[in-house]
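The values are calculated or read from the model by the stated rules, or taken from the named source; none is laboratory data. A quick note: this is a predicted structure, and the numbers were derived from the prediction, not measured. Cβ coordinates were reconstructed from backbone atoms using ideal geometry, including for glycine residues, and neighbour counts include every protein chain displayed.
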Amino acid sequence: MSDEQLLERIASVPNVMVGKPVIKGTRLTVEHILNLLAHGSSTADILDEYSGIAAEDIQACLLFASQSLSSTAFMPLVAESA
């Protein structure tokens, strides 16, 4: 599946989840899916929990996040101590 096809699975609609990017046709935000993955959930775990999505939707979330960060300057989340 091409990048364009994957990204078509992500939508940002002002009246759905306050305009946050979501998996199209759901109220599952890209942020939520990434948070699940970051905390150890597998693709299989997520698909079991949310039956209305496909593995490609999770791939689309990762691609969306990657492309969103590609033009962003790195800003540390925690200030380093001297």
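Annotations for the structure displayed:
- Being at pLDDT 95 or above, within 15 Å of the chain's Cα centre (by Cα) and not acidic (Asp, Glu) is true of Ala11.
- From the list Gln5, Gln67, Gln59, the one residue that fits, being assigned to a helix (DSSP H, G or I), touching a residue at least 60 places away in the same chain (Cβ under 8 Å) and either at negative phi or surrounded by 10 or more Cβ atoms within 10 Å (Cβ to Cβ) (or both), is Gln67.
- Enumeration of residues in the range 44-71 that are under 18 Å from Asp3 (Cβ atoms) and β-branched (Val, Ile, Thr): Ile58
- Selected residue (criterion: surrounded by the fewest Cβ atoms within 10 Å (Cβ to Cβ)) from residues of the range 18-33 that are touching a residue at least 12 places away in the same chain (Cβ under 8 Å) and of a type in the set (A, V, I, L, M): Leu28
- Per the conditions (1) in a loop (DSSP other than H, G, I, E, B); (2) closer than 24 Å to Glu4 by Cα, the sole criterion not satisfied by Ser41 is (2).
- With respect to (1) surrounded by 10 or more Cβ atoms within 10 Å (Cβ to Cβ); (2) more than 17 Å from Ile10 (Cα to Cα), the lone exception for Ala73 is condition (1).
- Of all residues in the range 34-56, none satisfies being surrounded by 15 or more Cβ atoms within 10 Å (Cβ to Cβ), under 18 Å from Ala11 (Cβ atoms), under 10 Å from the mean Cα position of the chain (by Cα) and not hydrophobic (A, V, I, L, M, F, W, C).
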